[in-house]
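*Asks:* Take this structure, written in structure tokens, and hold onto it; I'll ask about it next.
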Amino acid sequence: MITNEQLSELHALLTEMKIELIETIKSELEDEETPFNVSGDMADKAEAITYVSVNEELTSGQKNTLEKIDRAIKRIEDGIFGKCSVCSNFIELDRLTAIPYAETCKEHMQ
Ligand SMILES: [Zn+2]
């Protein structure tokens, strides 16, 4: 089981990872039109970042990771975070600590 405290830590970590990924993408993109110049706190930046997930210029790997992070954040908000998408058992905490957006337990990781 994951405690609420661990959940909010993972939520913060995922938000940070999302912003970090966006910053990486931002530095790779030349496009002036992308809404990256957002001031404000992390939540504001995370909001702005959702525009980026539809950006065709993202590599599939970046897109994939972003989508996984988004889904993980959504699962936390929906209260269904931490279950394996294959067997529905709880994902090991050390796995989640290493990869907070993991969607499968160790047995079903590929
Ligand atoms: Zn599993």
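A short reminder: the numbers here are calculations on the coordinates, not readings from a lab. Since the structure is predicted, the reported quantities are computational estimates derived from the model, not experimental observations. Note: ideal-geometry Cβ built from the backbone for every residue, glycine included; neighbour counts use all protein chains shown.
*Asks:* Rounded to the nearest 0.05, what FRET efficiency do T104 and M1 give with R0 = 22 Å and r taken as the Cβ-Cβ distance? Could you check?
*Replies:* 0.80
*Asks:* Right, another one. By how many nm would the segment from L13 to V86 lengthen if fully extended, with 0.36 nm per residue of separation less the alpha-carbon distance?
*Replies:* Taking 0.36 nm per residue and subtracting the Cα distance, the gain is 23.9 nm.
*Asks:* Let me ask something else about it. If you average over every viewing direction, what projected area does the convex hull of the Cα atoms of the stretch 58-103 give, in nm²?
*Replies:* Orientation-averaged projected area of the Cα hull: 3.4 nm².
*Asks:* Okay, moving on. Less than 13 Å Cβ to Cβ from E67, Lys/Arg counted +1 and Asp/Glu -1: what total charge do the surrounding residues give?
*Replies:* For residues surrounding E67, the net value is +4.
*Asks:* What full-extension length gain, to one decimal in nm, is calculated for E77 and T59 as 0.36 nm per residue of separation minus the Cα-Cα distance?
*Replies:* Going from the current span to full extension adds 3.8 nm.
*Asks:* Which whole-Hz ³J(HN,Hα) couplings does the stretch 91-97 yield from phi under the Karplus relation 6.51 cos²θ - 1.76 cosθ + 1.60, θ = phi - 60°, glycine and proline marked x?
*Replies:* Per-residue couplings from phi come out as 6, 4, 5, 5, 5, 5, 5 Hz.
*Asks:* Give me the net charge of L93's neighbourhood, meaning all other residues with Cβ under 13 Å from the Cβ of L93; Lys, Arg count +1, Asp, Glu -1.
*Replies:* So the environment of L93 carries a net charge of -1.
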